[in-house]
Amino acid sequence: MKYTDDAYVKVILMFLMTGEVAHYHMFEAALSTIQPNFPLEILESDPRYSNKYFNLSDGVDFKGPWNKGKTTQMKETWEMITDPLKYVVETKGLTALKPEGTNRTDASVEKHDLDLSKVKIAEVKSTTPSKDIKWSKYPKKA
């Protein structure tokens, strides 16, 4: 919020951040009902989309620490999409994209996902009781 004086930008950012927090809280609450809890971090993001920044501003400089240089987690180079509508049309609704600005490929992501899922499955199996467990109970019908 400290990077802009535009009241509308601040309202939109607050709305989007609040939505993310609300989704996180709902997801966290849903996971807490499953015991033992479901492990996170099974799947990597799609390398075709993870470093795209769509400029939806109205002529104002849109570059800042959130979209310059490399992404914080995967160190991918941000790809600036300055004309989102044209880009979406040219890429057939984002279906004809190839990963850019990243070393990750579909094959490397798939391998990572499979390797990590084996680790996480082992974690779950080691803590899951052998008895029948349910997180919801439905009344028996007569």
Original post:
Does Thr82 meet the test of being of a type in the set (Val, Ile, Thr), at pLDDT 85 or above and more than 28 Å from Lys10 (Cβ to Cβ)?
Top reply: no
Subject >> So Gln73, is it over 18 Å from the mean Cα position of the chain (by Cα), at pLDDT below 85 and closer than 30 Å to Thr127 by Cα >> reply: no
Original post:
Could you give every pair whose Cβ atoms fall below 9 Å, whose first residue belongs to the stretch 95-117 and is in contact (Cβ under 8 Å) with a residue 40 or more places away in the chain, and whose second residue is among the acidic types (Asp, Glu) and exposed (fewer than 12 other Cβ atoms within 10 Å of the Cβ), counting only separations of at least 6 or pairs across chains?
Top reply: Leu116/Glu41
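The values are calculated or read from the model by the stated rules, or taken from the named source; none is laboratory data. Given the structure is predicted, the values throughout are model-derived calculations rather than measurements. Using ideal geometry, Cβ is built from the backbone for each residue, glycine included, and neighbour counts are taken over all protein chains shown.
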